[in-house]
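*Asks:* Sending over a structure as structure tokens; questions will come in a sec.
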């Protein structure tokens, strides 16, 4: 098992629920100091559970000033950033490309893509300037970065774009000891995915609905902590973790 020093510092965006909450708690259990970012303080406090190494920084990742304040807080309180888990995101509108509005498209891009870029840029800047130089950025993609669900054009497009963002950061970070990888998660059991494993089920490519298997979100969180805890000589560029037996390889 990878051992972590208590001085290791991580930022988790979208930390107030779902995967972000699970990753936050896994980082805390592994001995990290964690800065929790999200729009609402209440859910962030629930994720933090009054842990002494958790720092709550309400943040809207679509606002550059909020993002700068987040990473300025990290620098002032911790002095060093080891890991950014770039997780904040939204499913966006449900509909084909001719059914969604330009505003819905722009709102989805603002959170999923521009927000990820702003946070990665601020983390990169801090990792580049700190001593020792370097760090790790982990972007939360999705299996939709590989293959879409029906009526998810805005979400799917942004998640494909995250792959390009990941690869570009990895390339540009080499000179500064900054690595960037992507985790693509399919059907982790979170509140947002509750209809997948029960109830009406998920819309399939043929127009039918069916329930799909899920897996514990804590296992996805453990995978993120694994990626984060690798030595600087190693990097996971892409990690795909899904519920066993879910309709992914046969989508469409």
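*Asks:* Does region 206-229 include one or more residues that are surrounded by 13 or more Cβ atoms within 10 Å (Cβ to Cβ), under 16 Å from the mean Cα position of the chain (by Cα) and part of a strand (DSSP E or B)?
*Replies:* For region 206-229, residues surrounded by 13 or more Cβ atoms within 10 Å (Cβ to Cβ), under 16 Å from the mean Cα position of the chain (by Cα) and part of a strand (DSSP E or B): absent.
*Asks:* Output the residues belonging to region 121-162 that are in contact (Cβ under 8 Å) with a residue 60 or more places away in the chain, closer than 20 Å to residue 224 by Cα and surrounded by fewer than 23 Cβ atoms within 10 Å (Cβ to Cβ).
*Replies:* The answer is 134, 143, 146.
*Asks:* With the condition kept exactly as written, say whether any residue in region 67-90 is more than 24 Å from residue 130 (Cβ to Cβ) and touching a strand residue (DSSP E or B) at 6+ places or on another chain (Cβ under 8 Å).
*Replies:* Yes, that holds for at least one residue.
*Asks:* Got at least one residue in region 50-60 being under 18 Å from residue 116 (Cβ atoms) and assigned to a helix (DSSP H, G or I)?
*Replies:* no
*Asks:* Which residues, taken from region 217-240, are modelled with pLDDT under 95 and in contact with a helix residue (DSSP H, G or I) (Cβ under 9 Å, 6 or more places away or on another chain)?
*Replies:* Scanning region 217-240 gives a single hit, 235.
*Asks:* With surrounded by 14 or more Cβ atoms within 10 Å (Cβ to Cβ) and in contact (Cβ under 8 Å) with a residue 40 or more places away in the chain as the only criterion, which of 73, 59 stands out?
*Replies:* 59
*Asks:* Between a residue in region 173-189 that is on the phi > 0 side of the Ramachandran plot and in contact (Cβ under 8 Å) with a residue 40 or more places away in the chain and any residue that is part of a strand (DSSP E or B) and surrounded by fewer than 23 Cβ atoms within 10 Å (Cβ to Cβ), which pairs come within a Cβ distance under 7 Å, given they are 6 or more apart or on different chains?
*Replies:* Between residues of region 173-189 that are on the phi > 0 side of the Ramachandran plot and in contact (Cβ under 8 Å) with a residue 40 or more places away in the chain and residues that are part of a strand (DSSP E or B) and surrounded by fewer than 23 Cβ atoms within 10 Å (Cβ to Cβ), the close pairs are 187/215; 187/242.
*Asks:* Further question: Can you tell which of 60, 65 is touching a helix residue (DSSP H, G or I) at 6+ places or on another chain (Cβ under 9 Å), over 14 Å from residue 78 (Cα atoms) and at pLDDT 95 or above?
*Replies:* The match here is 60.
*Asks:* Considering only region 89-180, give the helices (runs of 4 or more DSSP H) lying wholly within it that have at least 2 residues that are at pLDDT 95 or above, within 17 Å of the chain's Cα centre (by Cα) and more than 21 Å from residue 10 (Cβ to Cβ).
*Replies:* Output list reads 102-109, 153-173.
*Asks:* Among the residues in region 62-73, are any over 29 Å from residue 153 (Cα atoms), within 18 Å of the chain's Cα centre (by Cα) and not in a helix (DSSP H, G or I)?
*Replies:* There is no residue in region 62-73 that is over 29 Å from residue 153 (Cα atoms), within 18 Å of the chain's Cα centre (by Cα) and not in a helix (DSSP H, G or I).
*Asks:* Any chance region 79-101 includes a residue that's surrounded by 17 or more Cβ atoms within 10 Å (Cβ to Cβ), out of contact with any helix residue (DSSP H, G or I) (no Cβ under 7 Å at 6 or more places or on another chain) and within 28 Å of residue 154 (Cβ to Cβ)?
*Replies:* No, there is no match, as no residue in region 79-101 is surrounded by 17 or more Cβ atoms within 10 Å (Cβ to Cβ), out of contact with any helix residue (DSSP H, G or I) (no Cβ under 7 Å at 6 or more places or on another chain) and within 28 Å of residue 154 (Cβ to Cβ).
*Asks:* Right, next: Which pairs have Cβ atoms under 8 Å, sit 6 or more apart or on different chains, and link a residue in region 207-230 that is closer than 15 Å to residue 186 by Cα to one that is part of a helix (DSSP H, G or I) and modelled with pLDDT under 95?
*Replies:* 211/196; 211/197; 212/196; 212/197; 213/197; 214/193; 214/196; 214/197
The values are calculated or read from the model by the stated rules, or taken from the named source; none is laboratory data. Keep in mind that what you see is a predicted model, and the values were worked out from it rather than measured. Cβ coordinates were reconstructed from backbone atoms using ideal geometry, including for glycine residues, and neighbour counts include every protein chain displayed.
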